[in-house]
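S.K.: Mind having a look at this structure? Questions to follow.
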Amino acid sequence: MEALIPVINKLQDVFNTVGADVIHLPQIVVVGTQSSGKSSVLESLVGRDVLPRGTGIVTRRPLIFQLVHVDSEDRRKTNEENGIDGEEWGKFLHTKNKIYTNFEEIRQEIEAETERMSGINKGISDEPIHLKVFSPNVVNLTLVDLPGITKVPVGDQPKDIEIQIRELIVKYISNPNSIILAVTAANTDMATSEALKVAREVDPDGRRTLAVVTKLDLMDAGTDAMDILMGRVIPVKLGIIGVVNRSQLDINMKKPVADAIRDEYAFLQKKYPSLANRSGTKYLARTLNRLLMHHIRDCLPELKTRINVLAAQYQSLLNSYGEPVEDQSATLLQLITKFAAEYCHTIEGTAKYIETAELCGGARICYIFHETFGRTLESVDALGGLTTIDVLTAIRNATGPRPALFVPEISFELLVKRQVKRLEEPSLRCVELVHEEMQRIIQHCSNYSTQELLRFPKLHDAIVEVVTCLLRKRLPVTNDMVHNLVAIELAYINTKHPDFADACGLMNHNIEEQRRNRMRDSPSSVLRDKVAAVGPPSASPSDQTDSGGMGTWRGMLKRGEDGAMGDRTGPQTPLLNSPQKGHAVNLLDVPVPVSRKLSAREQRDCEVIERLIKSYFLIVRKNIQDSVPKAVMHFLVNHVKDCLQSELVGQLYKSVLLDDLLTESEDMAQRRNEAADMLKALQKASQVIAEIRETHLW
């Protein structure tokens, strides 16, 4: 199981090469307040002075330590390959293959790299520094040193330095594959430990938290940390380990870490003999090594799944970027053909990428036809904008200077044409809506169906322009056809239409029924009706059939006149402002009443015309509701589907345009290379994990 940590280190190296932070690898994150002894604990684990020292905030960037244990054979091989002579050495990721055998140079490089990214104003950065230390004196570990928790900004630090540091710490310890090493000084109150507090926020069960109590030798006289180390003050599931750090004087005097570890052991034997074998730097290193190995073993199944999922995602992403263009003609023709096919499939509802958020393509066109357009037509009132006075005026105007015995047919045609004309506007709006949806399909195909077009922005713009022009050319043709459909209905009012004849017959029956009811109510009216029914002596039977038949709309008009003939025998209504005898009257000064109570005859005439208009209007509306979608489909939708491929090829498939149209966007090549590198790293990581299974380490 010891070999698991080098495997994780190898995975870390793999992802470091692509600068990726997509995989959360198992690691130990060191958390503590400023001057709590974090750096001393890390240096004790490394066994060398390697970290910057000073007052205030010194660690201003995350420092990822990879401690690698090397045996004599590996050490000899490395020395021969790199021409160095030493047992221990270090390597930074940002300096590539440069090897440091002088640990003072490593410390100076950490300081220089920190200032390069974070500046010299004590600010912090979340960009990590990667350092790998090879030594026969270390155990295999991966540690992350973070800036110490602070409360008050000092000097020219940002005012929100506390929030910045806290967010940085939470970012690293939120990794479910990390172990939290919470460092607290023994000469402070354990109950107020900021490190344990922030660790508990992300790890409330404490399954990933190990506590380290530093500065055991600096506690007040007469006190000890026995209760703390035994977990009686604050219990920690993974345990609490006490250590003794080097003092500032020891650091200034360059006291070796090995000597400090010997002094630590002597102190623990004297002060805490019962806990000496469970405390100290060496025990801490072994414990961290053991915890990390077990943690890695538990994390590997999920890690393997995550790597496989990411590999599939990056493979798909790389496929969408496409391969570098070799045959321009074939590539252009392929992209044009694919776009045309996807455009047609979107209309037909067979596209590979089905929109789930809203209606799109053919489904939306269907919705426009049967919901938007259909309901709009149904909302158009057959008598909308037509008052009874309008009807009466039309009847009078159609009779000319002579009083009419019958309702003139021309009045019905004039009024019904006026109402039918109102169906033209919603019909043209239907064409406009379908045209807009056909335009939207272009963007849908670009975003979801043919992402390869994103590689070539000029080709994408050219295709959009060609399709837009094709749609623009078909729009007036379709509008003309829809306009003609309405004009056709206006050209000939077919009063012999079967549905219209049936409606007239039904209305005649209703009018006759009303007349009979009036006859029962008024005996004098019955007599007048009988006299009127005899008709003029010279009328032939055929004339009576044409004029008074119950099954035609003319018969209905005649019936309305017959019912009104008796009105002439009754008392006459005097004219308004009748001139008195002996006084001349200027007729132009006589006011024409705008509104007045209609006579019974006028009411019946208007009612008959209105019923006829409504009946015929419903017939025409039904025809328009059926014929307009058919015209739009034929002249716009189907025509574009049939001609799109040939139009694109004819306009774009030209040798002089190849270089320009197939020019990739500036960042496409870079994104393709990044995706390829990441995919390669993920595949390599998958191979590493497969090797673990083969060697039975997992």
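All of the numbers you see were taken from the coordinates with simple rules; none came from a lab. Everything numeric here is computed off the predicted structure, so don't read it as measured data. No Cβ is skipped: glycine too gets one built from the backbone with ideal geometry, and neighbour counts run over all protein chains shown.
S.K.: Of the peptides 484-493, 456-465, how do they stack up when ordered by the mean number of other Cβ atoms within 10 Å, highest first?
M.R.: 456-465, 484-493
S.K.: LYS680: which lysines have alpha carbons under 21 Å from its alpha carbon, excluding same-chain residues fewer than 8 sequence positions away?
M.R.: Once the sequence-local lysines are set aside, what remains near LYS680 is LYS10, LYS96, LYS304.
S.K.: I'd like to know which of SER320, ILE336, TYR367 lies farthest towards the positive end of the charge dipole of region 307-375, counting +1 on Cβ of Lys and Arg and -1 on Cβ of Asp and Glu.
M.R.: The residue sitting farthest along the positive end of the dipole is TYR367.
S.K.: Expressed as a rounded percentage, what relative contact order does region 221-306 have, with Cα pairs under 8 Å and six or more residues apart? Don't skip to the answer; put the middle values down first.
M.R.: Details: 37 pairs, mean separation 20.8, N = 86.
Value for region 221-306: 24 percent.
S.K.: Here's another thing I want to ask about it. For GLU323 and CYS366, FRET efficiency with R0 = 51 Å and r from the beta-carbon atoms, rounded to 0.05?
M.R.: Values: r = 39 Å, r/R0 = 0.76.
Efficiency, rounded to the nearest 0.05: 0.85.
S.K.: Further question on the same structure: If each Cα of region 225-337 is one equal point scatterer, what is log10 of I(q)/I(0) from the Debye formula at q = 0.12, 0.14, 0.15, 0.24 Å⁻¹?
M.R.: -0.67, -0.79, -0.85, -1.28
S.K.: Right, next: In Å and on Cα atoms, what radius of gyration and Dmax does region 298-349 show?
M.R.: 17.8, 53
S.K.: Here's a follow-up. Calculate, in nm to one decimal, what THR192 and LYS270 gain on full extension: separation in residues at 0.36 nm each, minus their alpha carbon distance.
M.R.: Extra length from THR192 to LYS270 when fully extended: 25.3 nm.
S.K.: Please work out the Kirkwood hydrodynamic radius for region 122-169, using every pair of different C-alpha atoms, and report it in angstroms with one decimal place.
M.R.: So the Kirkwood estimate lands at 13.0 Å.
S.K.: At a Förster distance of 56 Å, what's the computed FRET efficiency of LYS282 paired with SER665, Cβ-Cβ distance as r, to 0.05?
M.R.: Once the sixth-power term is evaluated, E becomes 0.45.
S.K.: For region 265-423, what does the equivalent ellipsoid look like in terms of its semi-axes, each the square root of 5 times an eigenvalue of the Cα gyration tensor, given largest first in whole Å?
M.R.: Result for region 265-423: semi-axes of 88, 30, 11 Å.
S.K.: Right, something else. Using packing as a proxy for protection, rank 137-143, 31-37 so that the peptide with the highest average count of other Cβ atoms within 10 Å comes first.
M.R.: On the way: 137-143: 20.6, 31-37: 23.0.
Ranked by mean Cβ neighbours within 10 Å, highest first: 31-37, 137-143.
S.K.: Find the relative contact order for region 117-273 and round it to a whole percent, using C-alpha pairs within less than 8 Å whose residues are 6+ positions apart.
M.R.: 16 percent
S.K.: Placing +1 at every Lys and Arg Cβ and -1 at every Asp and Glu Cβ, with all other atoms neutral, what dipole size does region 239-325 have around its Cα centre, in debye to the nearest 20?
M.R.: Rounded to the nearest 20 debye, it is 520 debye.
S.K.: Moving on to the next point. Which entries of LYS98/LYS684; LYS38/LYS159; LYS91/LYS151 have Cα-Cα distances beyond 28 Å here?
M.R.: Over 28 Å Cα-Cα: LYS91/LYS151.
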